[in-house]
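Everything below concerns the one structure shown next.
Every number in this text was worked out from the coordinates using simple rules, so none of it is lab data. Source: prediction; values computed, not measured. Here the Cβ positions follow ideal geometry from the backbone for every residue, glycine too, while neighbour counts run over all protein chains shown.
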Amino acid sequence: MRFNKYQVALRLTQKGVGRKKILQELYNQSFINYTQEALRYRESLYRGVVEVLAYNEEGYPKYLKEINDYPLVLFTKGDVSLLKKPMITIVGTRDMSKYGKWAVGYILRPLIGMDIVVVSGLANGVDGEVHKKCLEYGIPTVAVVAGGIDKGYPRSNQDIYDEISIKGLIISEFPPGRGIVKGMFPMRNRILAGLSSATVVIESDLSGGSLITLELALDYGRDIFCIPCNISRYSLQGCNMAIGEGATPLYSNQQLLKYCQNLDIS
């Protein structure tokens, strides 16, 4: 499959290069052909273990399609019905502190038994801990991976990937066998922000990928929350900075519970 033209165009739009012209090109016939090619490709994908979901098919995530650079196709592995449920995205630093690890379990615990799906990025640190706690608590979880759909990244989280593919859902905009390059992570971040009605950040440095996800969520008109962090750890001041710039501080798990109770679960 020839994915390069599509992926390069998406990357350019994120950089603001020729945005209007590129967005028009994204949806012309050549990219319709890309979608059709991906759908034809699905017949050979691991005998149905990996599926392809196109932007114009029933079941494509409603919130994700609202963003102006939504993926034309999603590769999925697991329970695709989770894409129809209300979602919140929870992300954070790879350099997770003991407080950050505690905070993950603390804010997730009230969501046990609710019909809410928690989305994260399978990275080391906060993201991986979010998925672990969701699996432990029985909370449905979706992992958005940066590279090809067939492998977890980093390798140290392969066991989490394997369990989510059985009990939850893995999604990517890249086909099996596609290696990871640096530009894929910002592309992954836009999916993390676009899937959900809200993004929560638990610990971030001042220039981390979690803040990129938060900024994207804000651009998409979504709700954004940050957990205040210890001011003695300068390396993790991203959340405090974001709160100072307008993100909603998340002071208790009951605050997040109340927000989730008001989401449309129909």
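Quick check on the exposure proxy: order THR248, THR76, THR213 from fewest to most C-beta atoms within 10 angstrom.
Placing the least packed residue first, the sequence is THR248, THR76, THR213.
Whole-Hz ³J(HN,Hα) for each residue in segment 89-105, computed from phi via Karplus 6.51 cos²θ - 1.76 cosθ + 1.60 with θ = phi - 60°, x for glycine and proline: what do you get?
Rounded to whole hertz, the list is 9, 10, 9, x, 5, 6, 8, 6, 8, 4, 5, x, 5, 4, 4, 4, x.
Where Lys and Arg each count +1 and Asp and Glu each count -1, what net charge lies around MET114 among other residues with Cβ under 12 Å from its Cβ? Don't skip to the answer; put the middle values down first.
On the way: positive: LYS85, ARG109, LYS258; negative: ASP115.
Around MET114, the surrounding residues sum to +2.
Given axes a ≥ b ≥ c from the Cα gyration tensor, I'd like to know whether segment 118-196 is rounded (a/c under 1.5), prolate (a/b larger than b/c) or oblate.
It is prolate, given that a/c is not under 1.5 and a/b is the larger ratio.
All other residues with a Cβ under 13 Å from the Cβ of LEU218 taken together, and with Lys, Arg as +1 and Asp, Glu as -1, what is their net charge?
Spelling it out: positives minus negatives among the neighbours equals -2.
Rank these for me by crowding, GLU203, GLU163, GLU58, going from fewest to most other beta carbons within 10 Å. Intermediate results must be reported in sequence, preceding the final value.
On the way: GLU203 30, GLU163 15, GLU58 6.
Ordered by Cβ neighbours within 10 Å, fewest first: GLU58, GLU163, GLU203.
Could you tell me which of rounded, prolate or oblate describes segment 109-266, using a ≥ b ≥ c as the square roots of the eigenvalues of the alpha-carbon gyration tensor, with rounded for a/c under 1.5 and, failing that, prolate when a/b is larger than b/c and oblate otherwise?
oblate
Strictly over 30 Å apart at the Cα level, which of LYS101/LYS167; LYS182/LYS258; LYS98/LYS151; LYS62/LYS98; LYS151/LYS258 would you flag in this model?
LYS182/LYS258; LYS62/LYS98; LYS151/LYS258
How large is ³J(HN,Hα) for each residue in segment 185-193, as worked out from phi by the Karplus curve 6.51 cos²θ - 1.76 cosθ + 1.60 (θ = phi - 60°), to whole Hz, x for Gly and Pro?
Running phi through 6.51 cos²θ - 1.76 cosθ + 1.60 with θ = phi - 60° gives 5, x, 5, 4, 4, 5, 6, 4, 6 Hz.
Classify segment 214-266 from the C-alpha gyration tensor, please: rounded if a/c falls under 1.5, else prolate or oblate depending on whether a/b exceeds b/c.
Oblate, since a/c reaches 1.5 and b/c is not below a/b.
By a straight-distance test (C-alpha under 17 Å), which aspartates and glutamates pair with LYS84 as possible cross-link partners, with residues fewer than eight away in the same chain excluded?
Cα-Cα hits under 17 Å: GLU51, GLU57, GLU58, GLU66, ASP115, ASP264.
So how do LYS65, LYS151, LYS133 line up by other beta-carbon neighbours within 10 Å, fewest first?
Lowest to highest Cβ neighbour count: LYS65, LYS151, LYS133.
Can you compute 3J(HN,Hα) from phi for each residue in segment 203-218, using the Karplus curve 6.51 cos²θ - 1.76 cosθ + 1.60 with θ = phi - 60°, rounded to whole Hz and x for Gly and Pro?
6, 7, 7, 6, 9, x, x, 5, 6, 4, 4, 4, 5, 5, 4, 5
What is the local net charge at TYR99, summed over the other residues whose Cβ is closer than 11 Å to its Cβ (Lys, Arg +1; Asp, Glu -1)?
Its environment carries a net charge of +2.
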